[in-house]
1. Can you tell me which residues in region 51-63 are in contact with a Ser or Thr (Cβ under 8 Å, 6 or more places away or on another chain) and either surrounded by 16 or more Cβ atoms within 10 Å (Cβ to Cβ) or over 23 Å from Asp30 (Cβ atoms) (or both)?
2. Working only within region 142-160, note down all residues that are at pLDDT below 95 and over 21 Å from Pro125 (Cα atoms).
3. Looking at region 182-196, is at least one residue surrounded by fewer than 20 Cβ atoms within 10 Å (Cβ to Cβ) and free of Cβ contacts under 8 Å to residues at least 12 places away in the same chain?
4. Would you tally the residues in region 158-168 being polar (S, T, N, Q) and in a strand (DSSP E or B)?
5. Just to confirm my filter: which strands (runs of 3 or more DSSP E) fall fully inside region 17-127 and include at least 3 residues that are in contact (Cβ under 8 Å) with a residue 12 or more places away in the chain?
6. Name the single residue, out of those in region 131-157 being touching a residue at least 40 places away in the same chain (Cβ under 8 Å) and outside any strand (DSSP E or B), that is surrounded by the fewest Cβ atoms within 10 Å (Cβ to Cβ).
7. Run down Glu142, Glu124 and say which single residue is touching a Phe, Trp or Tyr at 6+ places or on another chain (Cβ under 7 Å) and of a type outside the set (Val, Ile, Thr).
8. When both residues are 6+ apart or on different chains and their Cβ atoms are under 6 Å apart, which pairs have a first residue that lies in region 160-174 and is at negative phi and in contact (Cβ under 8 Å) with a residue 12 or more places away in the chain, and a second that is in a loop (DSSP other than H, G, I, E, B) and surrounded by 15 or more Cβ atoms within 10 Å (Cβ to Cβ)?
Amino acid sequence: MHGIERRLFQIFVVRHFTAGSGSLTAAALDGTAPSTSALNDATTLDRYWQLTETGDLTASLTFSYLQADVDGTEANYRLIRTSAGSPPIRFPNGCPGSPCVDAAANTIFANPVTSFNNFWTAGEPLAPTAANVSVSGRVFAEGGGLRNAIVTITDTSGAVRSIRTNSFGYYSFAEVAAGRDYVVSVTSKGYTFQPRVVTVNDNIADLDFTALR
């Protein structure tokens, strides 16, 4: 299995490793996952998992929890990844695909996962606010800004907006509703980019993308 050491704790399961080598450790912990700003204890799972990776792995993960751990409305839950000192990242549900919080089965599924460290949990999304903010950044390829790349921002209801980068690779979305989750992706002929999932609470000025190849 690619030379992988697996140490599994309690109600955490590695569905399967798909690439890489190294080790992955997991600990299931009681309470609300550490985050800056703090997660809402009344709407967040009272259980979280701390993962620690060595090496470079790709895997499918399933977390199982008890009904007694549920706070708030479980049907609205989505996967949340946090780290102490950093804003939480909420992932829109993709059931029956990934990521998926299955309220009937009390499970959280994610695939493929390539970055494991820090904390994993689930909870309700932030309530939308009336405020609008901006999301901007730069697209890079071959060491410089990439012009005419198409940047797309999609909210959890499926509404899509797209713009092109300028001659220096910069883009900017104005009038973005705060307090929501978005998927931001980039397309450009001859290049591949990793989409980003972001929770927008304030103006974001450095959401940059670099071509994978």
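1. Across region 51-63, the qualifying residues are Leu51, Glu53, Thr54, Gly55, Asp56, Leu57, Thr58, Ala59, Ser60, Thr62, Phe63.
2. Across region 142-160, the qualifying residues are Glu142, Gly143, Gly144.
3. Yes, region 182-196 contains a residue that is surrounded by fewer than 20 Cβ atoms within 10 Å (Cβ to Cβ) and free of Cβ contacts under 8 Å to residues at least 12 places away in the same chain.
4. Going through region 158-168 one residue at a time, the tally reaches 1.
5. It comes to 47-64, 78-83, 86-91, 107-113, 118-123.
6. My answer is Glu142.
7. On the way: Glu142 fails: touching a Phe, Trp or Tyr at 6+ places or on another chain (Cβ under 7 Å).
Unique residue meeting the criteria: Glu124.
8. Thr165/Arg147; Thr165/Ala149; Ser167/Arg147; Tyr171/Thr165
The values are calculated or read from the model by the stated rules, or taken from the named source; none is laboratory data. Note that the coordinates shown come from a computational prediction; the quantities given were computed from them, not determined experimentally. Here the Cβ is made from the backbone with ideal geometry for all residues, glycine too, and neighbour counts use every protein chain on show.
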